[in-house]
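Novice: The structure follows.
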Amino acid sequence: MEEKKDIVILGIESSCDETAASVVRNGREVLSNVISSQIALHTLYGGVVPEIASRKHIEKINVVIEEALAEAHMTLDDIDAIGVTYGPGLVGALLVGVSEAKAIAYAKNLPLIGVHHIEGHISANYIENKDLEPPFACLVVSGGHTHLVIVKDYGKYEIVGRTRDDAAGEAFDKVARAIGLGYPGGPKIDKVSKEGNPNAIAFPRAKVADSAYDFSFSGLKSAVLNYLNGCKMKNIPIVQADVAASFQKAVVDVLVEHAMHAVEEYGFKKFAIAGGVASNSALRSAMEEACKKRGVAFYHPSPILCTDNAAMIGAAAYYEYLAGTRSGWDLNAVPNLKLGER
């Protein structure tokens, strides 16, 4: 019986403000993961400027791919397929990665696999947790998304809960700006909260009337802004760390409560988190505790694999490759692509 050949995939990610390339073997072994971040540049503007992001991707993408190949001690001749994020994300930014992936796939006659960005985030869990296999429940929390997902199989998903307004990461960014922490909000609130009292201010925990699993964070964001305005009007000193910690606890409480409700209702024994906000230390420890209490195995990627990176795209592309997914030369950027769509 002939030995099964290793499948080596070059993953490319450019959906927002990280230009990334990675070489991944058999979906779980990362041979290189190169990320060029634009955070310092966008901090000047208090958030990501799409046009600037797109231009930076064009400048960086070839360099990042060359670095990823060199770090993996490979050339394009060693690659079996190209995986690339084609949505959701910023349309101009996505187009850079998609165009690059198509050009390489065409020049080297390689299979091209368009990958859903959220599927990438979920797949980040496979890289460090070799034992993790579907089915399991996963909470995806990032700047643009808050999804509670049932991972039925590789590449097969059912969204049971989603945000009705702001994503959790978006709320972090807006509140961070309001309390004078600036951009990026998530890591800054996480850090400052460690010095604050999470029970200092009673911020609301929103429930969505017709869905036990859906999220809403706009009311919480408004409550923080109202609290800050009230303090200013009454000349009450604002304790930045207390506001940050109380806000963070309100977000974490809701995320944990909804996630554990789904785990119990569906009877899952495995639960994972993914996305940029999944690197938040308060969320990780609260989820770990909640899972432990219920005898549920808890999975989470390292912080570097929570943020946008190409290793997760290479991992997702591998399972799509095995399933026979191939994209044509008409693959396009789809800025508001839904999970489960192709």
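Novice: I'd like to check something: does region 311-324 contain any residue that is surrounded by fewer than 24 Cβ atoms within 10 Å (Cβ to Cβ) and small (Gly, Ala, Ser)?
Specialist: Taking region 311-324 as the starting set, the residues that turn out to be surrounded by fewer than 24 Cβ atoms within 10 Å (Cβ to Cβ) are 319, 321-324.
Among the residues that remain, those that are also small (Gly, Ala, Ser) are: 323-324.
Scanning region 311-324 turns up at least one residue that is surrounded by fewer than 24 Cβ atoms within 10 Å (Cβ to Cβ) and small (Gly, Ala, Ser).
Novice: Given the criterion among the aliphatic types (A, V, I, L, M) and touching a Gly at 6+ places or on another chain (Cβ under 6 Å), identify the matching residue among 65, 12, 61. Steps first, answer last, please.
Specialist: Values: 65 fails: touching a Gly at 6+ places or on another chain (Cβ under 6 Å); 61 fails: touching a Gly at 6+ places or on another chain (Cβ under 6 Å).
It is 12.
Novice: Still on this structure, please answer the following. Collect the residues in region 219-267 that are among the aromatic types (Phe, Trp, Tyr) and either in contact with a Pro (Cβ under 7 Å, 6 or more places away or on another chain) or surrounded by 15 or more Cβ atoms within 10 Å (Cβ to Cβ) (or both), keeping them in residue-number order. Spell out how you get there, then give the answer.
Specialist: Here is the first cut: in region 219-267, the residues among the aromatic types (Phe, Trp, Tyr) are 227, 247, 266.
Matches in region 219-267: 227, 247.
Novice: Restricting to region 20-61, what's the tally of residues that are among the polar types (S, T, N, Q) and modelled with pLDDT under 95?
Specialist: As a first pass, look at region 20-61 and keep what is among the polar types (S, T, N, Q): 22, 26, 32-33, 36-38, 43, 54.
Narrowing further to those that are modelled with pLDDT under 95: 36-38, 43, 54.
The qualifying residues number 5.
Novice: Continuing with the same structure: With assigned to a loop (DSSP other than H, G, I, E, B) and of a type outside the set (Ser, Thr, Tyr) as the only criterion, which of 219, 295, 230 stands out? Give the steps one after another, and end with the answer.
Specialist: Numbers: 219 fails: assigned to a loop (DSSP other than H, G, I, E, B); 230 fails: assigned to a loop (DSSP other than H, G, I, E, B).
Going through 219, 295, 230 in turn, just one is assigned to a loop (DSSP other than H, G, I, E, B) and of a type outside the set (Ser, Thr, Tyr): 295.
Novice: Looking only at residues that are surrounded by 21 or more Cβ atoms within 10 Å (Cβ to Cβ) and touching a strand residue (DSSP E or B) at 6+ places or on another chain (Cβ under 7 Å) in region 142-156, which one is farthest from residue 319 (Cα to Cα)?
Specialist: 146
Novice: Any residue in region 46-72 that is within 17 Å of residue 183 (Cβ to Cβ) sitting within a Cβ distance under 8 Å of a residue that is assigned to a helix (DSSP H, G or I) and of a type in the set (Lys, Arg)? List the pairs, counting only those 6 or more apart or interchain.
Specialist: 46/177
Novice: Tell me which helices (runs of 4 or more DSSP H) are completely within region 115-211 and hold 1 or more residues being closer than 20 Å to residue 297 by Cα, or say none if there are none. Write out each step before concluding.
Specialist: On the way: elements: 117-128, 168-178, 185-193.
The qualifying helices (runs of 4 or more DSSP H) are 117-128.
The values are calculated or read from the model by the stated rules, or taken from the named source; none is laboratory data. Predicted model, so just to flag it, every value in this text is computed and none were measured. Virtual Cβ from ideal backbone geometry, glycine too; neighbours counted across all protein chains shown.
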